[in-house]
Amino acid sequence: MHPAAKRSSQATIDIFQKYVIPNYTRYPISLVHGEGSYIWDAEGNRYLDLFPGWGCNILGYAPPRLVKRIQEQVTHLIHVPNSWYTEAQGDFAEALCSRSFGKAFFCNSGTEANEGAIKLARLHGHAKGRYKIISFENSFHGRTYAAVTATAQPKYHEGIGPLLPGFNYAPLNDLDAVRKLVDKETCAIIIEPVQGEGGVNIPDVNFLAALKKIAHENDMLLIFDEVQTGMARLGTWFGYQQWHVQPDILTMAKGLAGGVPCGAIIATHEVAPSMKPGKHASTFGGNPLAMAAGLATVETIIEDRILENVATQSARFLEHFLKLKQELPIIKEVRVRGMMIGVDLNIPGTPAVAKCMQRGVLINCTHETVIRLLPALNITTAQVLEGITVVSDVLREMSKAP
Ligand SMILES: Cc1ncc(COP(=O)(O)O)c(C=O)c1O
């Protein structure tokens, strides 16, 4: 048993079976402790996590500055409502907007940020009768109704209709399709700068700039869903900075507060005033605990030179997997941008997850064939080498299977 464990994994699984709604497919392991890129289960087994917190734990587990700041903050204020000012919310808004643009609104998750962004775009377009939104096939924007409607994947829509009216979908990289969907009632285009859940799909080099042009020529807003790509994931503070295409609205969550639940919308000075008092709110949004964690995350990114580490380790992953692609015909394509890593196979990728786990490495597989890694941004060279050795051995083994 790990010293942090109260009971075995199986004993916890038994409690879940009795009391927790079974809407997730879970691995049969109860996790009890983490440090950096390593995590331990109740039985004391250690794993190298190349997908920590589904992309939320950008500084790994228990990053010291974050732990300290959270501990300090809880002794003063955990939560106060947004009918008051707090230093922490002002400071975190300044930290984000001074590195991007505009003004911030805080919430608690990615779907909530996108829900708010869609409302803001509609509020902004309301006087002109604009309410329609264009999004992209294989996108993922969240599970609440506006966000899941924007998520252009039929599997997420089955059984929950009717969906929200006014959403239209275009294939990624298809500008003609986008132009055809635009009409006088369209208020915004929403897109992930790199599609995450959809399979680490990187848009064509000029696609985002062209979308901005279409949006602005037609009096529409461009929304970037940076829930996954924001907060240094791609090697710049925000993903849009990679393409030098600033959106009108930016949404973030996941790593924003280093793993503490936190979401945000950033809107330009022109758009932000459309969110007037009473039009949108979030009870827990911008709470001092999440804001302190967010500030500690920003400070750690600066002080630990995280952007540099993303560039170094990203290049290492890319070089390695491109080499492996030469060796293994089961690898169809390697897609890497910063610390978003996708290895697209021409065979099902799911078995790789369990095989890596047996060898002590945690990875993800999305869209049936894409091995997806979202490592902590402070992962070390030794950990990268440890991880790619295991993933490569597993892929070699899978390529030999009849
Ligand atoms: C790009 C993107 N948008 C939105 C979401 C939804 O975020 P959350 O699960 O915090 O609601 C996700 C989650 O994976 C995401 O990757």
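Brief remarks on what is shown
- Put in order of Cβ neighbour count within 10 Å, fewest first, the listed residues Ser8, Ser139 become Ser8, Ser139.
- The Rg/Rh ratio of region 66-303, with Rg taken over Cα atoms and Rh as the Kirkwood radius over Cα pairs, comes to 0.96.
- Hydrophobic long helices, here whole DSSP H runs in the chain with Kyte-Doolittle means of at least -0.5 and Cα atoms spread over 24 Å or more along the helix axis, are found at 306-327, 381-400.
- Projecting label points 7 angstrom from Cα along Cα→Cβ for Ile302 and Lys323 puts them 3.7 nm apart.
- Percentage relative contact order, the chain, counting C-alpha pairs under 8 Å, at least six apart: 20
- Förster radius 22 Å - calculated FRET efficiency between Arg143 and Lys18, Cβ distance, rounded to 0.05: 0.35
- With both residues required to sit in the chain, DSSP beta bridges show an antiparallel share near 65%.
- Positive-pole candidate from Val245, Phe224, Ala188, dipole of region 173-249, charges at beta carbon: Val245
- The HN-Hα couplings worked out from phi for region 168-185 by the Karplus form 6.51 cos²θ - 1.76 cosθ + 1.60 (θ = phi - 60°) are 10, 10, 10, x, 4, 6, 9, 5, 4, 4, 4, 4, 5, 7, 6, 9, 5, 9 Hz, whole numbers, x standing for Gly and Pro.
- Between region 24-72 and region 102-166, the C-alpha centres lie 30 angstrom from each other.
- The local environment of Arg233, defined by Cβ-Cβ distances under 10 Å, has a net charge of +1 under the rule Lys, Arg +1 and Asp, Glu -1.
- Residues Met220, Met231, Met398, Met275 in ascending order of nearby Cβ atoms (within 10 Å, fewest first): Met398, Met275, Met220, Met231.
- For region 321-395 versus region 242-317, the inter-centroid distance based on Cα atoms is 27 Å.
- Order of Ser98, Ser109 - criterion: other Cβ atoms within 10 Å of each residue's Cβ, fewest first: Ser98, Ser109
- Karplus 3J(HN,Hα) series, Hz, for region 238-254 with 6.51 cos²θ - 1.76 cosθ + 1.60 (x for Gly, Pro): 10, x, 4, 5, 5, 10, 6, 10, 7, x, 7, 9, 10, 10, 9, 6, 6
- Fraction in percent of alpha-carbon pairs per bin - 20 Å, the chain: 27, 58, 15, 0
- Fraction of beta bridges assigned by DSSP in region 66-303 that are antiparallel (%, nearest 5): 40
- Length-normalised contact order of region 263-356 in % [C-alpha pairs under 8 Å, at least 6 apart]: 15
- For region 287-354, the equivalent ellipsoid built from the Cα gyration tensor has semi-axes of 34, 16, 7 Å, listed from largest to smallest.
- Taking region 66-303 and dividing mean pair separation by its residue count, relative contact order in percent (alpha carbons under 8 Å, at least six apart): 30
- Thr380-His269 FRET efficiency (beta carbon distance; Förster radius 30 Å; 0.05 resolution): 0.15
- Which listed pairs, of Lys119/Lys212; Lys325/Lys355; Lys180/Lys213; Lys155/Lys279, have C-alpha distances above 24 Å, in listed order: Lys155/Lys279
- For region 46-62, backbone phi angles converted through the Karplus equation (6.51, -1.76, 1.60; θ = phi - 60°) give residue-by-residue couplings of 9, 10, 8, 9, 9, 9, x, x, 6, x, 7, 8, 5, 9, x, 8, 6 Hz, Gly and Pro being listed as x.
Coordinate-derived values only; no laboratory data. Remember, it's a predicted structure, so these values are computed and weren't measured experimentally. Here Cβ is always computed from backbone atoms with ideal geometry, including for glycine, and neighbour counts include all displayed protein chains.
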